[in-house]
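Engineer: Handing you a structure now.
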Amino acid sequence: MLLLLLQGLNGLQLGILLFLVAAGLTLVFGVMDFINLAHGVQYMLGAYLAAFFASLTGSFWLALLFALPSALAFGLLLEWLVFRHLYDRDHLSQVLATFGVILFLNEGVKALWGSAPLQVPMPALLSGGFEIMPGLQYPIYRIAILGAGLATAGLLWLVVERTKVGMLVRAGATNAPMVAALGVDIRRLFMGVFGFGAMLAGFAGVMAAPILSVEPGMGDNLLILAFVVIVIGGIGSIRGAFLAALMVGLIETLGKSLMPDLMRLFMDPSSARQTGAALASMLIYIAMAAILAVRPAGLFPVRAA
Amino acid sequence: MRRDLPAIAFLLLLAMAPFIGFGEGHQLTLLARSMIFGIGAVSLALLVGGAGLASLGHAAMLGFGAYAVVVLDDAGITSMAIVLPVAMLAAAGFALLTGVIAIRTSGVHFIMITLAFGQMAYFTAASLSAYGGDDGYTLYGRTEVFGTRLLENRLAFHYVCLGALTFTWGLCRLLLASRFGRVLRAARENELRVQAVGFSPYPYRLVAYVIAGALGGLAGVLLANSAEFIAPSYLSWQRSGELLFMVILGGLGGLHGAMIGALVFMGLEEWLPHLLGEHWRLVFGPLLILSVLFLRGGLVGLPASLRGIGRG
Amino acid sequence: MAEPLLELRDLQKSFGGLRVTDGVSLDVVPGEIHAVIGPNGAGKTTLINEITGRLLLDAGRVIFGGEDVTHLSMAARARRGLARSFQITSILPGFSVLENAALAVQARHGSSFRFCRPVAGEAALNGPALAALEAVGLGTRAALPAGSLSHGEKRQLELAIALATEPRLLLLDEPLAGAGPEETTRLIEILLRLKQQYAILLIEHDMQAVFALADRVSVLVYGRLIATGTVAEIRADAAVRAAYLGEDELA
């Protein structure tokens, strides 16, 4: 039971990180009809920037302060260099060109920082545990991630639902030509959304840096999970991304811890561990396939099909 | 027919390659790998160019073929007469199971759902600890053909791969020119029109997906034999991306584009590290981006676009 | 009167709160052209989409050749002999003109799960396809890429594709849309010839054409049928004049 609670918290925390990455992805796709495989490396970049600035300044907080604008700037640079030339191309070209960006950046961090994982020290203020119930400690830092992620999600919701820019973004996700026809500078809106999405992914990377190892390719697996999230949630929908991210985070984490035990009911321990682990890795894809089989456009489709 | 000439010329060149300066061991190995990925790429081109289905999970089909070799090898079965059909059926079966769901979607959803199914296969392979799990599985002998170790001979293996590539190209070419292929191509151009004259595209696409899967399985069998080692990384989504890139790099103007794309891709992958050292991908990545941005018709479209520039 | 070939019974369809088809009932008997006219936004194309199965109905039944096809897919209805042309030209631009029509023939002749024989030379498909092209005056254009045709020729190809499916009923959605005066004359001639062979449900804006072609006319306004009758009856109908014709067309 305790284990379940802990794993549940871990799942939520993975879900929050996923949401921060998926939010940018779904906005970029929803507004610009642009499929960006390189979004995962922006998360990786956030983590590397955090590691870099942390080693430079010795402070997590300063690293956070510097990493965010750097991630933003890098996103804008990529948009200017590569992505904006792909908006009017088909999805296949976008997939391939952004695949090239992944190859380049994964190799780039390897060339700059080596392939060995980097460590980012946990901020002193947030280290240590927190007693969530008698006898049960949970790391404060992980709770801080949950809090910061939720706050960001809330902020994002406010911006998208309650501001003029947010209205344009939502309108763009539903009908981009119409927004352009209204005289909005669609190019600047695109850049803004793009940079913002890159920064969110970078933020997720910074936050994950102290608890995960910072290494080349760390964004790739998260990217795939983020794709699953936005497909389940309905492409372009922030609300869908949020719910789907929490769902995927929980399924992934709980599955990994519970599946082997569950399998033990049916088979001997060693094959249970093996089958359980395989099934756990597959669970979210099974969930996605099941959801798409019933609702081909995801849970909260934005565009009328 | 005239439009088949480039493909036939390409295959003939490959047939002569061992005798016109590409007969050394490592060259033959590279050519064999290029042809194997060429089979994968041509079968993917049947989907992308023929049916308009851009799958980002095709490496899983090759993986099924390769792991069939591994599983049977572990069970002591090494006869090609058993291995090949089992491998192709396994890949086709996986394609059928996943295609039933994936083909219901289209566009980006299709790209992503095939990606997800590919990942499923990847994680499955990684969890098969009986076959090495993450670390992979080493084959100590190649699959036997009629009880002989024919495939161990480099030159023989070259021609087996060439035969398989020719078969794959010929089959896909035939399919696209048939009644079946016409429905596929028409549905890619204008799905609504095809429905309005009385076709439901779904079963045609599904059959194409399964055939492409089986051919991917064929490539997988050869891949396992060529590398004599199989690891889950052969099923990773990056591999699928590479296959897709071979198809697009070569160009969709004909199935031979995929073969040429595979050869050029494998050549670059071999040659760039020699030239640039460890971090060759720093050049490879941007090359990929540039080719997407500027090489719109792929390599096979290059002559036409050059003529266009010349005229302009 | 003969047994109706197509019968619509009380069709209902809403998009959100908007009723786009509101209790439409009409029929088409063999050998007639039944025209549906109405102002823009009356729901004419929607009606065609409901009959062909591109849109699902909220309520009501579509009966074709005595069979209830309300729940059949678009492809299944087409195979039963419901052929349509699109208001916005919908052809296969990368295919040759002949292949466009041959694909339609193929839908009615034998299985298309044939994998080996090259289809381009199949006389059993190309013969009827060429006949359909000739019926609309495109016989000499057969070898060209369909994308290279003029606008009027593409409208003709739309018709040829519909004919090549060997339909029992043609649903023509503004076949004259965007055609110049000369092309219009030619298309009307073609339609008059087709009338000898097929029952036609015609949606058209061009009143001259409708009055020249139609046996019966139904008037659709805001998703409702306000009148059905012969050309003369419709011209004389006060409600129709008020709702629609009075504007400018009946000069």
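The values are calculated or read from the model by the stated rules, or taken from the named source; none is laboratory data. None of the values given here were measured: they were computed from a predicted structure. As a convention, Cβ positions derive from the backbone with ideal geometry for all residues, glycine included, and neighbour counts pool all protein chains shown.
Engineer: Answer yes or no: is there a residue in the stretch B:243-251 that is modelled with pLDDT under 90, under 13 Å from B:G50 (Cα atoms), within 14 Å of chain C (Cβ to nearest Cβ) and touching a helix residue (DSSP H, G or I) at 6+ places or on another chain (Cβ under 9 Å).
Structural biologist: No.
Engineer: Among the candidates B:L206, B:L176, B:L218, B:L184, single out the residue that is within 14 Å of chain C (Cβ to nearest Cβ), of a type in the set (A, V, I, L, M, F, W, C), crowded, with 24+ Cβ neighbours inside 10 Å and within 23 Å of B:F94 (Cα to Cα). Outline the logic, then answer.
Structural biologist: Values: B:L206 fails: crowded, with 24+ Cβ neighbours inside 10 Å; B:L176 fails: crowded, with 24+ Cβ neighbours inside 10 Å; B:L218 fails: within 14 Å of chain C (Cβ to nearest Cβ).
Result of the check over B:L206, B:L176, B:L218, B:L184: B:L184.
Engineer: Give me a count of the residues in the stretch C:1-20 that are buried (at least 17 other Cβ atoms within 10 Å of the Cβ) and either within 17 Å of C:R77 (Cβ to Cβ) or not assigned by TED's automatic domain parsing to the domain that holds C:K44 (or both).
Structural biologist: Here is the first cut: in the stretch C:1-20, the ones buried (at least 17 other Cβ atoms within 10 Å of the Cβ) are C:4-8, C:11, C:13, C:20.
Among the residues that remain, those that are also either within 17 Å of C:R77 (Cβ to Cβ) or not assigned by TED's automatic domain parsing to the domain that holds C:K44 (or both) are: C:4-8, C:11, C:13.
Residues that pass the stated criteria total 7.
Engineer: Where residues in the stretch B:32-90 are hydroxyl-bearing (S, T, Y) and in a helix (DSSP H, G or I), which of them is nearest to the other protein chains (Cβ to nearest Cβ)? Can you show your working first?
Structural biologist: To start, the set of residues in the stretch B:32-90 that are hydroxyl-bearing (S, T, Y) comprises B:34, B:43, B:55, B:67, B:78-79.
With the extra rule that they be in a helix (DSSP H, G or I), the set shrinks to B:34, B:43, B:67.
On the way: B:S34: 19, B:S43: 15, B:Y67: 13 Å.
Among those that are hydroxyl-bearing (S, T, Y) and in a helix (DSSP H, G or I), it is B:Y67.
Engineer: Within the stretch B:22-76, restricting attention to residues that are of a type in the set (S, T, Y) and buried (at least 18 other Cβ atoms within 10 Å of the Cβ), which residue is nearest to B:M112 (Cα to Cα)?
Structural biologist: If we filter the stretch B:22-76 for residues that are of a type in the set (S, T, Y), which is where we start, we get B:29, B:34, B:43, B:55, B:67.
Cutting the leftovers down to buried (at least 18 other Cβ atoms within 10 Å of the Cβ) gives us B:34, B:43, B:55, B:67.
Values: B:S34: 27, B:S43: 19, B:S55: 8, B:Y67: 24 Å.
Looking at residues that are of a type in the set (S, T, Y) and buried (at least 18 other Cβ atoms within 10 Å of the Cβ), I get B:S55.
Engineer: One residue is enough: does the stretch C:97-116 have a residue meeting the conditions among the acidic types (D, E) and over 26 Å from C:P4 (Cα atoms)? Let's see the steps before the verdict.
Structural biologist: Step one: filter the stretch C:97-116 for residues among the acidic types (D, E), giving C:99.
Among the residues that remain, those that are also over 26 Å from C:P4 (Cα atoms) are: C:99.
Checking the stretch C:97-116: at least one residue is among the acidic types (D, E) and over 26 Å from C:P4 (Cα atoms).
Engineer: Same structure again: Quick one: is A:M44 touching a residue at least 40 places away in the same chain (Cβ under 8 Å) and in contact with a Pro (Cβ under 8 Å, 6 or more places away or on another chain)? Steps first, answer last, please.
Structural biologist: Numbers: touching a residue at least 40 places away in the same chain (Cβ under 8 Å): yes; in contact with a Pro (Cβ under 8 Å, 6 or more places away or on another chain): yes.
Yes; evaluated as a whole, the condition is true for this residue.
Engineer: Another question about this same structure. Considering C:G94, C:G60, C:G66, C:G110, which residue is surrounded by fewer than 18 Cβ atoms within 10 Å (Cβ to Cβ) and at the interface with chain B (Cβ under 7 Å from one of its Cβ atoms)? Give the steps one after another, and end with the answer.
Structural biologist: On the way: C:G60 fails: at the interface with chain B (Cβ under 7 Å from one of its Cβ atoms); C:G66 fails: at the interface with chain B (Cβ under 7 Å from one of its Cβ atoms); C:G110 fails: at the interface with chain B (Cβ under 7 Å from one of its Cβ atoms).
Checking each option against the conditions leaves just C:G94.
Engineer: A follow-up question, please. Out of everything in the stretch B:134-160 that is among the hydrophobic types (A, V, I, L, M, F, W, C) and either assigned to a helix (DSSP H, G or I) or within 14 Å of chain A (Cβ to nearest Cβ) (or both), what residue ends up being nearest to B:Y202 (Cα to Cα)? I'd like the intermediate steps shown before the answer.
Structural biologist: Here is the first cut: in the stretch B:134-160, the residues among the hydrophobic types (A, V, I, L, M, F, W, C) are B:139, B:145-146, B:150-151, B:155-157, B:160.
The next check asks that each one be either assigned to a helix (DSSP H, G or I) or within 14 Å of chain A (Cβ to nearest Cβ) (or both); those that pass are B:150-151, B:155-157, B:160.
Working: B:L150: 41, B:L151: 39, B:L155: 42, B:A156: 40, B:F157: 38, B:V160: 34 Å.
That would be B:V160.
Engineer: For the stretch B:277-295, which positions are more than 7 Å from chain A (Cβ to nearest Cβ) and on the phi < 0 side of the Ramachandran plot?
Structural biologist: If we filter the stretch B:277-295 for residues that are more than 7 Å from chain A (Cβ to nearest Cβ), which is where we start, we get B:277-278, B:280, B:283, B:287, B:290-291, B:294-295.
Matches in the stretch B:277-295: B:E278, B:W280, B:V283, B:L287, B:L290, B:S291, B:F294, B:L295.
Engineer: Further question: Looking for something of a type outside the set (D, E) and in contact with a His (Cβ under 8 Å, 6 or more places away or on another chain) - is there at least one such residue anywhere in the stretch B:203-226?
Structural biologist: From the stretch B:203-226, those of a type outside the set (D, E) are B:203-226; that's our starting set.
Those still in the list that are in contact with a His (Cβ under 8 Å, 6 or more places away or on another chain) too: B:212, B:216.
Within the stretch B:203-226 (the criterion being of a type outside the set (D, E) and in contact with a His (Cβ under 8 Å, 6 or more places away or on another chain)), the answer is yes, since at least one residue qualifies.
Engineer: On to the next question. Assuming C:L125 fulfils every condition listed in (1) of a type in the set (A, V, I, L, M); (2) crowded, with 22+ Cβ neighbours inside 10 Å; (3) assigned to a helix (DSSP H, G or I); (4) more than 14 Å from chain B (Cβ to nearest Cβ) apart from one, which condition is it?
Structural biologist: C:L125 satisfies all of (1) of a type in the set (A, V, I, L, M); (2) crowded, with 22+ Cβ neighbours inside 10 Å; (3) assigned to a helix (DSSP H, G or I); (4) more than 14 Å from chain B (Cβ to nearest Cβ) except (4).
Engineer: Sticking with this structure for a sec: Does the stretch A:277-295 hold any residues that are facing another protein chain (nearest Cβ under 9 Å) and in contact with a helix residue (DSSP H, G or I) (Cβ under 7 Å, 6 or more places away or on another chain), and which are they? Lay out the reasoning, then the answer.
Structural biologist: Here is the first cut: in the stretch A:277-295, the residues facing another protein chain (nearest Cβ under 9 Å) are A:277-282, A:284-286, A:288-290, A:292-293.
Selection gives A:A277, A:A278, A:L279, A:A280, A:S281, A:M282, A:I284, A:Y285, A:M288, A:A289, A:L292, A:A293.
Engineer: I'm trying to understand the selection: among the residues of the stretch B:131-161, which are surrounded by fewer than 12 Cβ atoms within 10 Å (Cβ to Cβ) and among the hydrophobic types (A, V, I, L, M, F, W, C)?
Structural biologist: B:F146, B:L155
Engineer: Also, I was wondering about something else. Residues to consider are C:R141, C:R117, C:R108; find the one that is within 27 Å of B:G170 (Cβ to Cβ), out of contact with any Phe, Trp or Tyr (no Cβ under 9 Å at 6 or more places or on another chain) and not aliphatic (A, V, I, L, M).
Structural biologist: Working: C:R141 fails: within 27 Å of B:G170 (Cβ to Cβ); C:R108 fails: within 27 Å of B:G170 (Cβ to Cβ).
Exactly one residue qualifies, and that residue is C:R117.
Condition check ((1) touching a Ser or Thr at 6+ places or on another chain (Cβ under 9 Å); (2) in contact (Cβ under 8 Å) with a residue 60 or more places away in the chain; (3) under 20 Å from C:Y198 (Cα atoms)) across all residues:
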site	(1), (2), (3)
C:V28	no, yes, yes
C:I37	yes, yes, yes
C:G43	yes, yes, no
C:E50	yes, no, no
C:L57	yes, no, no
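Engineer: More than 25 Å from C:E153 (Cα to Cα) and in a loop (DSSP other than H, G, I, E, B) - does that describe any residue in the stretch C:88-106? Give the steps one after another, and end with the answer.
Structural biologist: In the first step, residues of the stretch C:88-106 are kept if they are more than 25 Å from C:E153 (Cα to Cα); the result is none.
Within the stretch C:88-106, none of the residues are more than 25 Å from C:E153 (Cα to Cα) and in a loop (DSSP other than H, G, I, E, B).
The rows are residues; the columns are (1) in contact with a helix residue (DSSP H, G or I) (Cβ under 9 Å, 6 or more places away or on another chain); (2) of a type outside the set (S, T, N, Q); (3) away from chain A (no Cβ under 11 Å); (4) on the phi > 0 side of the Ramachandran plot.
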| position | (1), (2), (3), (4) |
| --- | --- |
| B:A121 | yes, yes, no, no |
| B:G132 | yes, yes, yes, yes |
| B:L162 | yes, yes, yes, no |
| B:T166 | yes, no, yes, no |
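Engineer: Quick one: how many residues across the stretch B:109-119 are more than 8 Å from chain A (Cβ to nearest Cβ) and closer than 13 Å to A:S281 by Cβ?
Structural biologist: As a first pass, look at the stretch B:109-119 and keep what is more than 8 Å from chain A (Cβ to nearest Cβ): B:110, B:114, B:118.
Add one more test, that the residue is closer than 13 Å to A:S281 by Cβ, and what stays is B:118.
Residues that pass the stated criteria total 1.
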